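All remarks here apply to the structure that follows.
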Amino acid sequence: MSEPIISLRGVSKAFGDLVVLDDVDLDIPAGQTTAIIGPSGTGKSVLLKHIVGLLHPDAGHVFVEGVDVTTVSEAELYEVRKSMGMLFQNGALFDAMSTGDNIALPLRHHTSLSEAEIRARVEEVLEMVELPGLYDRPTSALSGGQRKRVGLARAIVLQPEIVLFDEPNSGLDPLTSDTIDRLIVRMKETLGVTFLVITHDIVSAAHIADHIAMLHRGKVEAFAPTAEFLRSTSPVVRRFLQRNLDLDATTAGGAPRLPHLD
Amino acid sequence: MSGHVRGFARFVGRTASRAWHHPIPTGKVWEQAWFIGVKAMPILLTMTAFIGSNLALQGYYAFKALGGQSLLGMFVSLAGVREMAPLMVAAMTAAKAGTEMASQLAVMRIREQIDALEVMSIDPYTWLVVPRCLGILIALPALTMMCILTLIGTAWLVTMLQLGESGPQFLHTAFGALTGQDLWIALFKAAVFGLLISLISCYCGFRSKPGPRGVGDATNAAVVTSAVVCAVVNYLISEWMYA
Ligand SMILES: Nc1ncnc2c1ncn2[C@@H]1O[C@H](COP(=O)(O)OP(=O)(O)OP(=O)(O)O)[C@@H](O)[C@H]1O
Ligand SMILES: [Mg+2]
């Protein structure tokens, strides 16, 4: 494994009585794609928010590019964040702005590009997420899947070194999902971007990820290179993978079985 | 409660430090000032017009019994300028602009838009809070001036047309009683109220709990808290300036 660009050390987080992260250690390798899977409500989004410093752990440390984001000053945190782009699970678009203005926001704030250059760059990323020509569309007029992709475009518009995606594929049709997967692979290969992608879609994870981590009950249940992860013998992982593996059985004429997760 | 006081103090500290150290988004400041001023104007001027009319009526009947109708102008201008105009502006602004700030920011909070700004290294205090505070700081003194003129204007009309008293005499005592200091204090009050309303409302919005219920509670807390705080501060300023 190459040098970790993000490291979590003994990170614990509880909301009241609800323990969400319980002494989590995790190393995200630089320039590669790591997928995080796990049942709904186990704290995947919470984990991501610790990495960008939006949430503060009750215990433990989070290092991003060697900087401990749990202890740095606010000013330094803002510097570290400039190398990160994040897609929020719900898109987090600004409703009062057009699609293009949403994506242009980081460019307007952190570059000195002219309006024409900004527009060109935004059109370019819109193209990349297969939403050409939507620059002037009000965000309120976007579908769920479109909002997701606009959030995605906004996360990558500054070409950050680290990209955090919270469920980039959810709500997308299989073809668009494929496009996003290819986009991730291409950006990783050509620009050396580090991706950390939360997903429920094992097929997509298998395509894009070099490593997969599974979060379960506040712990990292398994973390391994993709091929190895898919062969994991951990019962929790097996049950989680089951559903996707069952698809073969279904198409072969067998009745689909519902996996049980707790 | 004490948690809120501490949280609010930190919020104010951050806002002040951003306003001081960061470049101020002047475009957004004027946008807010315009927004706050223009939106509040119709309701505010209507309310103050009828407060002016009633100050004239009540003053007239109270003084008439003592044979002091000539003091009417003075009564209207002192009560109106020193107390009513700034308080009315504060109340209406808390109800309109304040609730709007609180609900807008609360929605942004629960939809993770404020988090998104932070992750994009766009400071939400500089971008969202500072323009609202400075915008209101521009809008409120202007609104207060308009209120003062409207209030004295309607009182003058009522005095002349309804009560049949001398218009010029009313104006003479009204403006004779006013000093420049009264005007400055009124504008100062307006500015202080504006800052308080915007800071309290933005704070309530920022602290919103998730869900529609959270937004409703934040908006409610904003208007109640800022109205009460403004009334108390008004008393303190009057006590300090006029005692
Ligand atoms: N700010 C918060 N305050 C209180 N509880 C929270 C907060 N954020 C998350 N939680 C709780 O933490 C748990 C984990 O939430 P999280 O959003 O990380 O789940 P997730 O793994 O991303 O699930 P999903 O796959 O459904 O998105 C949930 O029970 C959630 O209710
Ligand atoms: Mg989530």
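The residue that is farthest from the chain's Cα centre (by Cα), counting only those in segment B:89-131 that are away from chain A (no Cβ under 14 Å) and open to solvent by 10 Å² or more (accessible area, probe 1.4 Å), is B:T99.
Pick from segment A:64-111 the residues that are under 17 Å from the mean Cα position of the chain (by Cα) and more than 9 Å from chain B (Cβ to nearest Cβ): which of them is surrounded by the most Cβ atoms within 10 Å (Cβ to Cβ)?
So, considering only residues that are under 17 Å from the mean Cα position of the chain (by Cα) and more than 9 Å from chain B (Cβ to nearest Cβ), the one surrounded by the most Cβ atoms within 10 Å (Cβ to Cβ) is A:L87.
Taking the residues in segment A:170-188 that are among the aliphatic types (A, V, I, L, M) and out of contact with any strand residue (DSSP E or B) (no Cβ under 6 Å at 6 or more places or on another chain) as candidates, determine which candidate is most open to solvent (accessible area, probe 1.4 Å). Spell out how you get there, then give the answer.
Quick first cut of segment A:170-188, residues among the aliphatic types (A, V, I, L, M) only: A:172, A:175, A:180, A:183-185, A:187.
Next, only the ones that are out of contact with any strand residue (DSSP E or B) (no Cβ under 6 Å at 6 or more places or on another chain) stay: A:172, A:175, A:180, A:183, A:185, A:187.
Values: A:L172: 28, A:L175: 133, A:I180: 1, A:L183: 4, A:V185: 43, A:M187: 11 Å².
If we take residues in segment A:170-188 being among the aliphatic types (A, V, I, L, M) and out of contact with any strand residue (DSSP E or B) (no Cβ under 6 Å at 6 or more places or on another chain), then A:L175 is most open to solvent (accessible area, probe 1.4 Å).
Against the definition (surrounded by fewer than 19 Cβ atoms within 10 Å (Cβ to Cβ), more than 16 Å from ligand 1 (Cβ to nearest atom) and assigned to a helix (DSSP H, G or I)), how does A:A206 come out, yes or no? The answer is yes for A:A206.
Quick check on segment A:153-169: of everything there that is within 16 Å of ligand 1 (Cβ to nearest atom) and within 17 Å of B:R111 (Cβ to Cβ), which residue is surrounded by the fewest Cβ atoms within 10 Å (Cβ to Cβ)? Break it down into steps so the answer makes sense when it comes.
Of all residues in segment A:153-169, those within 16 Å of ligand 1 (Cβ to nearest atom) come to A:164-169.
Next cut, within 17 Å of B:R111 (Cβ to Cβ) only: A:166-167.
Details: A:D166: 26, A:E167: 19.
The extreme case among them is A:E167.
Looking at segment A:141-183 only, could you name the residues that are under 23 Å from A:L47 (Cα atoms) and acidic (D, E)? Correct list: A:E161, A:D166, A:E167, A:D181.
For segment A:70-89, does any single residue satisfy the condition of being out of contact with any helix residue (DSSP H, G or I) (no Cβ under 8 Å at 6 or more places or on another chain) and in a strand (DSSP E or B)? No, segment A:70-89 contains no residue that is out of contact with any helix residue (DSSP H, G or I) (no Cβ under 8 Å at 6 or more places or on another chain) and in a strand (DSSP E or B).
If the condition is being within 16 Å of ligand 1 (Cβ to nearest atom) and in contact with a helix residue (DSSP H, G or I) (Cβ under 9 Å, 6 or more places away or on another chain), then segment A:209-221 contributes A:I212, A:A213, A:M214, A:L215, A:H216, A:R217, A:E221.
The set of residues from segment A:207-247 being under 19 Å from the mean Cα position of the chain (by Cα) and more than 16 Å from A:P39 (Cα to Cα) comprises A:H207, A:I208, A:A209, A:D210, A:H211, A:A224, A:P225, A:T226, A:F229.
Just so you know, in segment A:170-188 the residues that are touching a Gly at 6+ places or on another chain (Cβ under 8 Å) and more than 16 Å from ligand 1 (Cβ to nearest atom) include one that is nearest to the other protein chains (Cβ to nearest Cβ), and it is A:K188. Here segment A:9-61 is the region considered, the condition is being open to solvent by less than 30 Å² (accessible area, probe 1.4 Å), more than 25 Å from A:R239 (Cβ to Cβ) and within 14 Å of chain B (Cβ to nearest Cβ), and the residue that is nearest to ligand 1 (Cβ to nearest atom) is A:H50. Restricted to segment A:190-201, and to residues there that are modelled with pLDDT under 90 and away from ligand 1 (no atom under 16 Å from the Cβ), the residue that is nearest to A:G38 (Cα to Cα) is A:G192.
The values are calculated or read from the model by the stated rules, or taken from the named source; none is laboratory data. Owing to the predicted nature of the structure, the values given are computational and were not obtained by experimental measurement. Glycine gets a Cβ as well: all are built from the backbone with ideal geometry, and neighbour counts include every protein chain shown. Just so you know, the surface numbers come from the protein's heavy atoms only, side chains and all, with ligands and any DNA or RNA stripped out. Shrake-Rupley method; radii C 1.70, N 1.55, O 1.52, S 1.80 Å.
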